[in-house]
Amino acid sequence: MKKVSAILSHLTNQPQFRSLKQHACYKKYISLLGAKWQKAIAFVYIQNDTLFVAVTHPGFKMELNYNKDILKGVLTQLASHDKSCEMLQQAGKIVIFHSKYRSAMTEETDNATVPYYNELASADFIIESQDEELKEKFETIKKRIKTQREAEQS
């Protein structure tokens, strides 16, 4: 049986999945930058010998414009040390722009709390149905309401 890494390696070497390798290189590039810049950069891509860097906030655009030489240096070092990312070396210039879209690779999960609600129903209702099957269903609903109320009080 083949290992997952062997299967993924075979798939990424296929010509139709070339963009997966590029995506992995872009992810490596962003991870090599400082923590502040990792949060600032939404995504990167190379097109027509130009590295396009999308930032999450317009304020970061000015700061990254001042540090284009550092971005270029990290890019060339990554391309020279990692042979699978040699295509990054073709980027001659850098363009930084603001984007409202964030990449899934850099997006942090929101640790939102799960809302908890108190049971507002009461279990003191009269079942007027003649159907035995419906009566059983209503009885189970009554039991659930009672157990939910007891759990909230304790």
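Condition check ((1) in contact with a Gly (Cβ under 6 Å, 6 or more places away or on another chain); (2) open to solvent by less than 60 Å² (accessible area, probe 1.4 Å); (3) of a type outside the set (Val, Ile, Thr); (4) without any contact (Cβ under 8 Å) to a residue 12 or more places away in the chain) across all residues:
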{"site": "Met1", "(1), (2), (3), (4)": "no, no, yes, yes"}
{"site": "Ala6", "(1), (2), (3), (4)": "no, yes, yes, yes"}
{"site": "Gln16", "(1), (2), (3), (4)": "no, no, yes, yes"}
{"site": "Ser19", "(1), (2), (3), (4)": "no, no, yes, yes"}
{"site": "Ala24", "(1), (2), (3), (4)": "no, yes, yes, no"}
{"site": "Lys27", "(1), (2), (3), (4)": "no, no, yes, no"}
{"site": "Ala40", "(1), (2), (3), (4)": "no, yes, yes, no"}
{"site": "Phe43", "(1), (2), (3), (4)": "no, yes, yes, no"}
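Can Val53 be described as part of a strand (DSSP E or B) and open to solvent by less than 50 Å² (accessible area, probe 1.4 Å)? First the steps, then the outcome.
On the way: part of a strand (DSSP E or B): yes; open to solvent by less than 50 Å² (accessible area, probe 1.4 Å): yes.
So Val53 fits the description; yes.
Can you report the number of residues in the range 137-154 which are more than 39 Å from the chain's Cα centre (by Cα), within 18 Å of Ile126 (Cβ to Cβ) and not aliphatic (A, V, I, L, M)? Before you say what the answer is, go through the steps one by one.
Going residue by residue through the range 137-154, those that are more than 39 Å from the chain's Cα centre (by Cα) are 137-143, 146, 150.
Then keep just the ones that are within 18 Å of Ile126 (Cβ to Cβ); that gives 137-143, 146.
Now restrict to residues that are not aliphatic (A, V, I, L, M): 137-140, 142-143, 146.
Residues that pass the stated criteria total 7.
May I ask you to list the residues in the range 101-139 that are exposed (fewer than 10 other Cβ atoms within 10 Å of the Cβ), of a type in the set (Val, Ile, Thr) and modelled with pLDDT of 85 or more?
Ile126
The values are calculated or read from the model by the stated rules, or taken from the named source; none is laboratory data. None of these values were measured; they are calculated from a predicted model. Backbone-built Cβ (ideal geometry, glycine too); neighbour counts: all protein chains shown. Side chains included, ligands, DNA and RNA excluded: accessible areas come from the protein's heavy atoms. Shrake-Rupley method; radii C 1.70, N 1.55, O 1.52, S 1.80 Å.
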